[in-house]
Amino acid sequence: MGIAKKFRQTFSTVPILGWFLGILTAVLIEYFWGYDYISYYLGLPKIPVLFGALIMLKQPLMIPGALAYDLVVYVIPVLAVAKLTSFITNPGAALLEKLPLWLSAVIHLACFYAILHLWAGINDYRILVVKLTLVSIILTVSVNVINGYQGEFSCSHPGFMALGAYVSSILTLMLFTNDKIFGTALLPPALGPYLFPLVLLAGGAAAAIGSLAVAIPSFRTRGDYLAIISLAFMFIVKSAVENLHVIGGARGMGGQPDLAPLPVIFIWTMLCIWIIHNFVTSVLGKALNTVRDDEAAAESMTVKTRKTKMTAFMFGAFWAGIAGGLFAHVLTYINPGMFSINRLAEILAMVYFGGLNSIVGSIVGAVSINVLGEALRPLELFKWIIIPLILIFVMIFRPYGLISFTEINAKKLLQAKKHKSQQGVSP
Amino acid sequence: MRKIAVLTVVAFSVAMLFSSLALGARKTIIKIGINAPLTGDIPKVGEGTKYAAQMWLEDIEKAGGLEVGGKKYDVELVIEDNESKAESAVKANTKMISQDDVLAIIGPQSSKQAVPAGEVANKYKTVMISPWSTNPNTTLDRPYVFRGCFLDPFQGPVVANFITEEFGFTKAAVLYDVASDYPKGLAEVFKDAWEAKHGAGSVVAYESFTTKDTDFSSQLTKIVKSGAQVLFTPQYYNEVPLIVSQAKDLGWTGPIVGSDSWGSAETVELCGEDCYGLFFSSHYAAAGAKGATKAFIDRYEKTYGYIPDDVAALTWDALRLAQQAIQDAGKITGRIEKDREAVRDALAQIKDFDGITGKMTFTQEGDPIKCAVIVKINNQGEYEFYGSSCP
């Protein structure tokens with residue numbers, strides 16, 4: 001305990017910017033010396049992708065090597081640089097503090113993305129994992145609007161995702177590629193990246209309109225009834241696509257152009273987080289929480305419960321549609337079987353693991369379930385025992401998820417860290 | 001602070017001490033990736049794939065490595081689980097190609113994983129052989145993707161011809177899973193082939209259900225009433241026993257014919273005597289096999305305790321094809337991109353490859369030209385060779 005406390009004390013003076021600088025150093029070390037020197041002398045066949053988790057589980061003999069690699073490349077440089085540069089980064093952070101919060105946040109995000117890009121760029125497998133994790137974040141945050149802030153139990157998210165995925169895939173196949181089903185490209189393929197946002201929006205809109213099919217008949221229902229109606233909706237979408245031969249039926253649809261590189265997905269994810277954060281902290285978001293807590297009381301306090309519920313539901317579905325569109329263009333193939341009960345279980349696991357009513361919780365949930373799923377891949381069957389076990393323990397000890405009903409204060413997070421005496425309590 | 005520093009140094013030096021044992025281990029190893037559904041809907045398929053691959057590796061190790069251009073190389077298998085999910089198959093392929101530096105990939109087996117995974121393999125210019133995927137899109141316009149089995153457009157007419165010649169029937173019924181791409185595709189091909197032979201409307205009942213359905217009585221009642229003489233059902237081993245026994249209960253007396261998806265060892269185990277005497281088309285027949293095929297079956301049965309199904313046999317052939325292509329490529333330069341290209345070129349050149357599931361030559365698209373086998377389930381519950389049909 002003593003060490004942990006001391007550790008925290010030592011590093012409490014490091015601002016976020018300092019950590020970024022530390023991680024950047026680590027990534028640069030990996031980038032330049034990782035393969036040729038460090039992993040070579042440690043006897044590793046290659047740079048360990050996910051901090052050595054895969055290689056450690058597959059070949060236990062490599063554990064010391066992989067741990068040493070993590071220590072040399074990540075732990076030591078990050079800690080050392082973060083601590084040693086705090087005399088520059090603190091004034092830097094203080095300077096940024098003078099800027100408007102949004103600008104400071106954008107600058108921080110840009111730094112973060114630069115590091116992420118460099119780190120992922122070392123290996124294409126990392127890029128794919130990061131891409132799918134970001135898509136999962138959009139999904140989880142959007143399902144949190146309905147299952148968390150609105151307090152319903154909606155099961156139709158895979159259906160919304162399917163709508164978004166199919167509508168945007170049909171559009172890109174029709175507009176930008178020479179496809180068997182839709183014939184030659186209607187627009188020059190060079191326009192693809194510029195019009196892709198519109199295509200995604202169309203997919204999101206389709207999902208939002210589709211969500212009306214759940215929202216209208218389930219106005220008066222709550223809890224279990226909504227769960228059943230929304231579950232039915234998911235199956236309707238899946239069966240409908242399976243029986244539509246025009247778009248490939250059960251065989252699926254492939255050949256989407258690769259319009260979703262990492263920066264595009266990152267920007268959409270940040271947009272999603274920002275917009276949903278604004279949504280849930282707006283008047284409408286507060287109204288949504290009152291509807292969750294007591295619908296009758298909310299109605300009597302002049303909250304239009306029907307309109308509030310509908311808006312939130314469509315809003316959540318819209319982002320699920322966007323996530324579906326991105327997902328389809330990452331994999332460049334979709335089939336209706338992807339948007340079924342398995343996907344639902346995965347989405348619900350992410351949102352309940354991370355935490356209800358919290359965007360940070362959703363991000364934590366999506367990232368941890370995704371990374372765990374990849375890191376434990378070598379365990380095969382046991383992976384499906386370990387992950388559910390973790391979920392069970394989370395549900396026992398933290399019934400609302402790891403981080404629920406709280407939000408991180410961006411201002412406090414990004415500010416410069418002065419000495420204890422000046423600041424009071426360190427976070 | 002001091003404690004932390006000391007701890008770090010100690011941890012670091014211990015780690016260095018151990019890892020130095022492995023120093024200099026970076027030499028040229030031939031790595032073959034296996035992308036198999038070890039968990040998920042069809043774990044039996046994954047198991048067969050894995051076992052066949054391990055048997056192949058055993059052979060190589062016994063020979064002291066794989067000889068390429070007069071030099072022996074160590075071979076390593078990278079077996080990845082694709083959870084029977086498309087995105088997981090894509091991740092597995094990306095990982096094997098960019099992280100493990102595999103020379104060739106065997107798998108995935110099902111088309112719904114092989115189609116997107118093939119895209120990845122083709123993008124990174126790595127040879128991928130899918131032993132079992134029958135969807136034309138798997139190899140279409142992908143020079144680096146091959147397959148080890150015949151396609152549905154070939155298998156459907158084979159079955160239709162067989163029924164016509166064997167029984168002389170003119171009215172057929174089809175029962176298939178509309179939500180799964182393999183049964184659906186094959187049912188369509190069969191219907192077209194049958195109607196081309198016997199005229200429009202000769203498929204008197206064309207009934208469907210959805211994956212995970214277990215009660216087929218309404219569809220089967222319709223089929224029984226339709227006056228069909230034969231029932232064709234291209235389903236997997238988990239559904240066939242249910243369909244067969246429910247059909248018998250509802251008074252179906254005609255023959256029931258299946259396709260290569262029946263070929264799993266589980267079909268007869270779950271179905272029992274109800275399935276005796278039925279026919280299906282397949283890649284190979286285990287009972288009464290000769291030569292290399294028999295040697296493979298005996299060895300597999302001895303090691304793992306059951307007769308290998310067609311997935312295992314096809315995986316074995318795919319691995320042997322990859323091996324042959326690597327050897328034909330002539331030399332391993334150690335520069336993986338170049339080696340992969342050489343392997344692809346060699347694989348496309350292979351003529352009359354003598355596999356345990358028949359002779360194979362690849363077409364331009366990377367699909368093999370090979371014979372289909374009609375298998376009869378005999379009264380001991382074994383899969384017996386009944387006839388074959390070649391293109």
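Where a number appears in this text, it was derived from the coordinates with a stated rule and is not lab data. These numbers were taken from a predicted model, which means no experiment stands behind them. Positions of Cβ are generated from backbone atoms using ideal geometry, with glycine treated the same way; all protein chains shown enter the neighbour counts.
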Among B:202, B:130, B:282, determine the one that fluctuates most according to a GNM of chain B built with springs between C-alpha atoms less than 10 Å apart.
-> B:202
Could you state the number of Å between the C-alpha centres of the stretch A:189-259 and the stretch B:315-359?
-> 43
By the mean-Cβ-within-10 Å protection proxy, highest first, B:273-279, A:251-257 rank as A:251-257, B:273-279
Once phi is turned into θ = phi - 60°, what whole-Hz ³J(HN,Hα) does the Karplus curve with 6.51, -1.76 and 1.60 give for every residue of the stretch B:178-184, x standing for Gly and Pro?
-> 6, 8, 10, 6, 5, x, 5
Take the alpha carbon gyration tensor of the stretch B:152-282, find the square roots of its eigenvalues, order them as a ≥ b ≥ c, and report rounded if a/c is under 1.5; if not, report prolate when a/b exceeds b/c, else oblate.
-> rounded
Contour minus Cα-Cα distance for residue B:196 and residue B:341 (0.36 nm per residue) | 48.0 nm
Cα-based helix-to-principal-axis angle, A:305-331 vs chain A, degrees rounded to 10 = 70
Using Cα pairs closer than 8 Å and at least 6 residues apart in sequence, work out the relative contact order for chain A, in percent.
-> 25
What's the angle, to the nearest 10 degrees (0 to 90), between helix B:111-123's Cα axis and the longest principal axis of chain B?
-> 40
Shape of the stretch A:212-312, Cα gyration tensor, a/c cut at 1.5 | oblate
Using 0.36 nm per residue of separation minus the Cα-Cα distance, give me the extension gain between residue A:61 and residue A:239 in nm, one decimal.
-> 59.3 nm
For helix A:192-215, report the angle its Cα long axis makes with the longest principal axis of the Cα atoms of chain A; keep it between 0 and 90° and round to the nearest 10°.
-> 60
Virtual spin-label span in nm between residue A:282 and residue B:29, 7 Å along Cα→Cβ = 5.6
Computed, not fitted: 222 nm per-residue ellipticity of the protein assembly as shown from DSSP H runs ≥ 4 (each -39500 (n - 2.57)), nearest 500, equal to -18000 deg cm²/dmol
Which of the peptides A:178-185, B:342-349 is most tightly packed, and how do the rest follow, judged by the mean count of other Cβ atoms within 10 Å per residue?
-> B:342-349, A:178-185
Unpartnered Cys in the protein assembly as shown, judged by a 4.7 Å Cβ-Cβ cut-off, are A:111, A:155, A:272, B:149
Give the order of B:315, A:290, B:333 when sorted by the count of other beta carbons within 10 angstrom, beginning with the fewest.
-> B:333, A:290, B:315
What aspartates and glutamates sit close enough to residue A:58 to cross-link, taking a C-alpha to C-alpha distance under 15 Å and skipping anything fewer than 8 places away on the same chain?
-> A:374, A:380, B:76, B:80, B:81, B:100
Taking r as the C-beta separation of residue B:364 and residue B:59 and R0 as 45 Å, the FRET efficiency to the nearest 0.05 is 0.90
Just order A:135-145, A:35-45 by mean Cβ neighbour count inside 10 Å, highest at the front, would you?
-> A:135-145, A:35-45
Per-residue average of Cβ from other chains inside 10 Å of B:175-183 = 4
The ³J(HN,Hα) series, computed from each phi in the stretch A:351-359 with the Karplus coefficients 6.51, -1.76 and 1.60 at θ = phi - 60°, rounded to the nearest Hz and given as x for glycine or proline, is 6, 7, 5, x, x, 6, 6, 8, 6
Relative to the present Cα-Cα distance, how much length would full extension add between residue A:293 and residue A:216 at 0.36 nm per residue of separation?
-> 25.6 nm
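Sort chain B into rounded, prolate or oblate with this rule: let a ≥ b ≥ c be the square roots of the eigenvalues of the Cα gyration tensor; rounded if a/c is under 1.5, and if a/c is not under 1.5, prolate when a/b is larger than b/c, oblate otherwise.
Working: a/c = 2.22, a/b = 1.88, b/c = 1.18.
Cα axes put chain B in the prolate bin.
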To the nearest 20 debye, what charge dipole does the stretch A:1-89 have about its Cα centre, counting +1 at the Cβ of each Lys and Arg and -1 at the Cβ of each Asp and Glu?
-> 340
What ³J(HN,Hα) values, in whole Hz, does the Karplus curve 6.51 cos²θ - 1.76 cosθ + 1.60 give for the stretch B:209-221 when θ = phi - 60°, with x put for Gly and Pro?
-> 9, 10, 3, 6, 5, 10, 10, 10, 5, 5, 5, 5, 4
Counting only other chains, what is the mean number of Cβ atoms within 10 angstrom of the Cβ of each residue in peptide A:41-48?
-> 5
Among B:69, B:106, B:252, pick out the residue whose Cα is farthest towards the positive end of the charge dipole of chain B, where Lys and Arg carry +1 and Asp and Glu carry -1 on C-beta, about the Cα centre.
-> B:69
Tell me, B:150, A:32, B:167 in order of fewest to most beta-carbon neighbours within 10 Å?
-> A:32, B:167, B:150
Computed P(r) (all Cα pairs; the stretch A:253-357; 5 Å bins; percent) = 2, 10, 15, 19, 18, 14, 10, 7, 3, 2, 0
Over chain B, calculate the relative contact order: mean separation of alpha carbon pairs under 8 Å at least 6 apart, over the residue count, as a percent.
-> 16
Per 10 Å bin, what percent of the C-alpha pairs of the protein assembly as shown does each bin hold, from zero upward?
-> 2, 12, 20, 23, 20, 13, 6, 3, 1, 0
Could you tell me the distance between the Cα centroids of the stretch A:1-77 and the stretch A:338-381, to the nearest Å?
-> 25
If you wrap a convex hull around the C-alpha atoms of chain A and split its volume per residue, what is the figure in Å³?
-> 179
For residue B:38, list long-range residues whose amide hydrogen, built 1.01 Å from N in the peptide plane, is under 5 Å from its own amide hydrogen.
-> B:82, B:83, B:84
The stretch B:295-353, relative contact order in percent, only Cα pairs under 8 angstrom and at least six apart counted | 26
Do any of A:98/A:309; B:27/B:50; B:85/B:331; A:383/B:248 go past 30 Å between their Cα atoms, and which?
-> A:98/A:309; B:85/B:331; A:383/B:248
Send over the per residue convex hull volume for the stretch A:1-89, Cα only, as a whole number of Å³.
-> 104
Return the FRET efficiency for the residue pair residue A:114, residue A:271: r is the Cβ-Cβ distance, R0 is 22 Å, and the value is rounded to the nearest 0.05.
-> 0.75
